[in-house]
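Student: Shown below is the structure under consideration.
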Amino acid sequence: MISRTKSEALFAEALQHIPGGVNSPVRAFRGVGGQPFFVNAAKGSRVTTVDGDELIDYVGTWGPAILGHAHPKIINAVKAAADHGTSFGIPNPFEVTMAKLIKQLVPSVAKVRMCNSGTEACMSAIRLARGFTRRDKIIKFDGCYHGHADCLLVKAGSGALTFGNPDSAGVPADTAKHTLVLPYNDVDALKACFAANPGEIAAVIIEPVPGNAGLYLPRPGYLEFLRQITAEQGTVLIFDEVMTGFRLAPGGAQERFGIRPDLSTFGKIIGGGLPVGAFGGRGDIMDCLAPLGPVYQAGTLSGNPLAMAAGIAALEELTNAECGMRNAESKAANAYTRLEHLGATLEAGLRDAAKSAGIPVTFNRCGSMFCGYFTSEPVWNLADAMKADRERFKKYFHGMLAEGVYLAPSQFEAGFLSTAHSEADIEQTVRAAAKVMGTL
Ligand code: KE4
């Protein structure tokens, strides 16, 4: 078991000052019950709680910690940058280096704008696509999350071809109605939606590999069809790579699946753990942004020197892509080869543990992102994911936590590996899973 004394005291105090005691809802453990622990420090593949327990971390601050926590190159880069000041509000050299690195790694990006979160990146990309096409309607997919901008907090309306309904209080129906929500991996739904809204869809935004309802993958040909129909319709295809970017390959999911979107959004890894977002893509679209064009977008801390220094260190360490040279083949191969090896090892071990325990688990994985659903059915979309046994997941989550393994605190979140995870971490995790699954 992990001790909770200090965490419980801190949470009781947090509840008095912060809504739900957390600064982001998923941290409240509502998906698994109980109270969150508080982290005092993190290093490599592990976090240490305020009560002194060390846990193998498969959340990785929801994706940024792809090199593990407190990587010395990131820490030193932030320290060095901080000595020169923390924010200028005027261009700084790191912004140019970061932009060149992103362009070097993601060929579909001709121009890129930095911002401060994935939400900002997705919100801005939608506004930009609407400004560029002069259309209002957008398509998103159920189970995909793109941050909390009003137009994206929308669930499928009755009959997915009609208007969306707000998925949060405070989102006006007039805003939600321009958002059409379709089932993921459904080509016919895409065809029908475009047929019902000819020439009216400004953008399609998609997580190429959805990691916000657990993890499921595009069916063969799905992303290719999406690219084809959006090109035919003059609709801007936006790949939300906030989570998959620079993780599934040096160039993200679009490299892994060979798709060239019109715009992409980024976050997480490119900030090295500091607040960051970015959106980029076709130059003719990006040049519609102020101060060049009519689409306004701004941010006091966009391109902040600390976040840029951290993100540059992360990307260079991850891909050894010194700016201006794509000599990533050697280093990137090492990092991404290692992530694939760790992912495959973890997958094999957890599958064996579930089989030995006689527990039906559908294990989905793409590189270093994974999710084990407690269901015997395949999971290709949100409806499939919803069939998972959430009560069984709750018991599994807490059982694993008691064994020193911190999984994402919800059946509907993805897990993340880092280059800092070791084979020993995986072995400990698999042993714990075999023990816990035997009690479910
Ligand atoms: P942020 O605004 O949280 O930086 O990014 C929003 C976002 C956009 N697009 C994708 C694909 C994302 O995964 C996210 C944020 N991911 C969640 C994890 N499920 C962040 C965790 C949280 O909300 O606390």
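The values are calculated or read from the model by the stated rules, or taken from the named source; none is laboratory data. Values in this document were obtained by computation on a predicted structure and should not be read as measured data. Please note: Cβ atoms are built from the backbone with ideal geometry, for glycine as well, and neighbour counts cover all protein chains shown. Accessible surface is based on the protein model in full, side chains and every heavy atom, while ligands, DNA and RNA are left aside. Shrake-Rupley method; radii C 1.70, N 1.55, O 1.52, S 1.80 Å.
Student: Scan region 117-129 and tell me whether some residue there is part of a loop (DSSP other than H, G, I, E, B) and within 16 Å of the ligand (Cβ to nearest atom). Talk me through it step by step, then tell me what you get.
Tutor: So the first thing to find is which residues in region 117-129 are part of a loop (DSSP other than H, G, I, E, B), and the list is 117.
Next, from what is left, pick out any that are within 16 Å of the ligand (Cβ to nearest atom): 117.
Yes: one or more hits.
Student: Go through region 1-20 and give me each residue that's under 30 Å from residue 435 (Cα atoms) and either in a loop (DSSP other than H, G, I, E, B) or small (Gly, Ala, Ser) (or both).
Tutor: Here is the first cut: in region 1-20, the residues under 30 Å from residue 435 (Cα atoms) are 1-8, 11.
Matches in region 1-20: 1, 2, 3, 4, 7.
Student: Of these, 32, 47, which one is assigned to a loop (DSSP other than H, G, I, E, B), touching a His at 6+ places or on another chain (Cβ under 8 Å) and not assigned by TED's automatic domain parsing to the domain that holds residue 147? Talk me through it step by step, then tell me what you get.
Tutor: Numbers: 47 fails: assigned to a loop (DSSP other than H, G, I, E, B).
After ruling out the rest, the residue left standing is 32.
Student: Out of all the residues in region 365-389, which are basic (Lys, Arg) and touching a residue at least 60 places away in the same chain (Cβ under 8 Å)?
Tutor: Across region 365-389, the qualifying residue is only 365.
Quick grid of which residues meet (1) among the charged types (D, E, K, R); (2) within 16 Å of the ligand (Cβ to nearest atom); (3) open to solvent by 30 Å² or more (accessible area, probe 1.4 Å):
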| position | (1), (2), (3) |
| --- | --- |
| 27 | yes, yes, yes |
| 34 | no, no, yes |
| 51 | yes, no, yes |
| 58 | no, yes, no |
| 67 | no, no, no |
| 70 | no, no, yes |
| 74 | no, no, no |
| 83 | yes, no, yes |
| 87 | no, no, yes |
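Student: A further question follows. Is it fair to say residue 116 is under 16 Å from the mean Cα position of the chain (by Cα), more than 20 Å from residue 180 (Cβ to Cβ) and of a type in the set (S, T, N, Q)?
Tutor: Against the criterion (under 16 Å from the mean Cα position of the chain (by Cα), more than 20 Å from residue 180 (Cβ to Cβ) and of a type in the set (S, T, N, Q)), residue 116 qualifies.
Student: Please go through region 284-306 and give me each residue that is of a type in the set (A, V, I, L, M) and without any contact (Cβ under 8 Å) to a residue 60 or more places away in the chain, ordered by number.
Tutor: Passing the criteria: 290, 292, 298.
Student: Also, I was wondering about something else. Among the residues of region 141-151, is any touching a residue at least 60 places away in the same chain (Cβ under 8 Å), assigned by TED's automatic domain parsing to the domain that holds residue 202 and not in a loop (DSSP other than H, G, I, E, B)?
Tutor: Scanning region 141-151, I find at least one residue that is touching a residue at least 60 places away in the same chain (Cβ under 8 Å), assigned by TED's automatic domain parsing to the domain that holds residue 202 and not in a loop (DSSP other than H, G, I, E, B), so the answer is yes.
Student: Are there any pairs, at least 6 apart or on different chains, whose C-beta atoms fall under 7 Å, with the first in region 256-283 and under 23 Å from residue 76 (Cβ atoms) and the second within 15 Å of the ligand (Cβ to nearest atom) and among the polar types (S, T, N, Q), and if so, which?
Tutor: 267/117; 273/61; 275/116; 275/117; 276/116
Student: Right, here's the next one. Does residue 232 fit the bill of being assigned by TED's automatic domain parsing to the domain that holds residue 97, free of Cβ contacts under 8 Å to residues at least 24 places away in the same chain and open to solvent by 10 Å² or more (accessible area, probe 1.4 Å)?
Tutor: When the stated conditions are applied, residue 232 passes them.
Student: Need a quick list: helices (runs of 4 or more DSSP H) entirely within region 342-440 having at least 3 residues that are open to solvent by 60 Å² or more (accessible area, probe 1.4 Å). If you could, list the steps in order and put the result at the bottom.
Tutor: Details: elements: 382-385, 390-402, 423-437.
Filter on region 342-440 gives 390-402, 423-437.
Student: Continuing with the same structure: So which pairs qualify, if the first residue must be in region 345-364 and closer than 15 Å to residue 377 by Cα, the second must be open to solvent by 60 Å² or more (accessible area, probe 1.4 Å) and in a helix (DSSP H, G or I), the Cβ gap must be under 8 Å, and the two must be at least 6 apart or on different chains?
Tutor: Filtered contacts from region 345-364: 359/392; 361/351; 363/351.
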